[in-house]
Amino acid sequence: MNEYDILNKDNMKNGIFLKIFLFLVVGGITLLIDASISYILYHNIHLPAFLASSIGFLSGFVFNFPANRKKVFNHSQYDRFSLRSQIILYALLSIFNMVATSVIIATLVNSNILDIQWAKVIVTAVFAIWNFLVFNLFIFSKDNDKNVE
């Protein structure tokens with residue numbers, strides 16, 4: 001092992017920590033967009049909660065996808081999947097996440113294991129880890145065949 005190997009490993013560690021940090025920032029902003037729009041539509045426009053929440057979620061999605069793609073996972077010509085495929089995979093993952101988190105939270109609350117706010121926090125944290133891994137290792141991964149010089 002030489003000094004370049006050590007520097008390369010340090011760069012890889014710093015790169016993953018930066019990705020995680022940016023992922024959390026994008027997620028926090030997404031939550032603010034989602035919650036703010038849901039609140040305004042429910043309390044000021046008087047839409048039903050389900051509709052207000054759905055529009056808030058979609059508004060967050062419109063911000064979240066491009067921010068993750070470009071800023072967190074560094075979109076480039078070496079992406080494994082096309083933009084269209086990434087959008088489809090991302091949307092399918094989002095639908096799965098929405099259904100799965102709702103079922104898990106409902107189960108935890110209905111079984112008197114956790115109050116809804118704690119179930120929401122814990123399940124959201126677990127799914128954030130899951131999402132980061134799926135985004136990093138699959139949806140926004142790079143194609144090593146394209147990356148070979």
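Just so you know, all these numbers are worked out from the coordinates, no wet-lab data involved. None of the values given here were measured: they were computed from a predicted structure. Note that we place each Cβ from the backbone using ideal geometry, even for glycine, and neighbour counts take in every protein chain shown.
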When the charge dipole of the chain is computed with +1 at the Cβ of Lys and Arg and -1 at the Cβ of Asp and Glu, the Cα pointing farthest to the positive end, of Tyr39, Ser111, Phe21, is that of Tyr39
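List the pairs from Lys19/Lys142; Lys19/Lys70; Lys70/Lys120 whose alpha-carbon separation is above 21 Å, in the order I gave them.
Numbers: Lys19/Lys142 15 Å; Lys19/Lys70 11 Å; Lys70/Lys120 28 Å.
Lys70/Lys120, as the Cα separations exceed 21 Å there.
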Treating only the Cβ of Lys, Arg, Asp and Glu as charged (+1, +1, -1, -1), what charge dipole size does segment 61-149 show about its Cα centre? Round to the nearest 20 debye. 200
Per the Cα gyration tensor, the chain corresponds to an equivalent ellipsoid with semi-axes, largest first in Å, of 34, 19, 14
